[in-house]
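Q: The structure follows.
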Amino acid sequence: MKRRFGHWAHDLKVTLWTLIVPPTIWAAHFLFCYLWVAVTCAKTPGTSLRGFPLAVLIATVAALLGILAAGYIARVQSQAPGDPAPHDSSTEIDRLRFLALSTRLLAGLSFIAVLFTAVPVVIFGDCR
């Protein structure tokens, strides 16, 4: 099963559009969380959010899974066989590795950003 998924991920083509998938997921999660809390607090001011609301939990888990999938695909793409490092030539395989490594780094950053977006909902459990 894992080998099939790895093969499927290896066949995908990494482009500049692939590079922006993790930050886009983070931005969508950020917008959803802040709008959800703003609408909830506007409807019933002074109410408690009661811990970690289910909507934010579902959005956070979905965002983290999407970012993990993008990072996994980029990881598989960056391990394409070829010349050893450094990959600074202007060949197609070096470009692929550069985009894959950049996507992996952005996926890691976006993963942390999603967690830090969800933490205020947990810490501030009410509408102040």
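Q: Go through (1) open to solvent by 40 Å² or more (accessible area, probe 1.4 Å); (2) in contact with a Lys or Arg (Cβ under 8 Å, 6 or more places away or on another chain) one by one and return the number of the condition GLY71 breaks.
A: All conditions pass for GLY71, except number (1).
Q: Starting from region 101-128, take each residue that is free of Cβ contacts under 8 Å to residues at least 60 places away in the same chain and list its partners that are open to solvent by less than 60 Å² (accessible area, probe 1.4 Å) and not hydroxyl-bearing (Ser, Thr, Tyr), counting only C-beta distances under 8 angstrom and pairs at least six apart or across chains.
A: Partner pairs satisfying both residue conditions: LEU101/ALA74; ARG104/GLY71; ARG104/ALA74; GLY108/GLY71; LEU115/LEU64.
Q: Scan region 35-81 for residues that are under 20 Å from the mean Cα position of the chain (by Cα), among the basic types (Lys, Arg) and modelled with pLDDT under 85 and report the count.
A: 0
Q: Which condition does ALA107 not pass, out of (1) part of a helix (DSSP H, G or I); (2) open to solvent by less than 60 Å² (accessible area, probe 1.4 Å); (3) at pLDDT below 90, if it passes all the others?
A: Unmet condition: (3).
The values are calculated or read from the model by the stated rules, or taken from the named source; none is laboratory data. Because the structure is a prediction, the values reported are computed rather than measured. Positions of Cβ are backbone-derived with ideal geometry, glycine not excepted, and every protein chain shown enters the neighbour counts. Side chains are part of the model used for accessible areas, which takes the heavy atoms of the whole protein and leaves out ligands, DNA and RNA. Shrake-Rupley method; radii C 1.70, N 1.55, O 1.52, S 1.80 Å.
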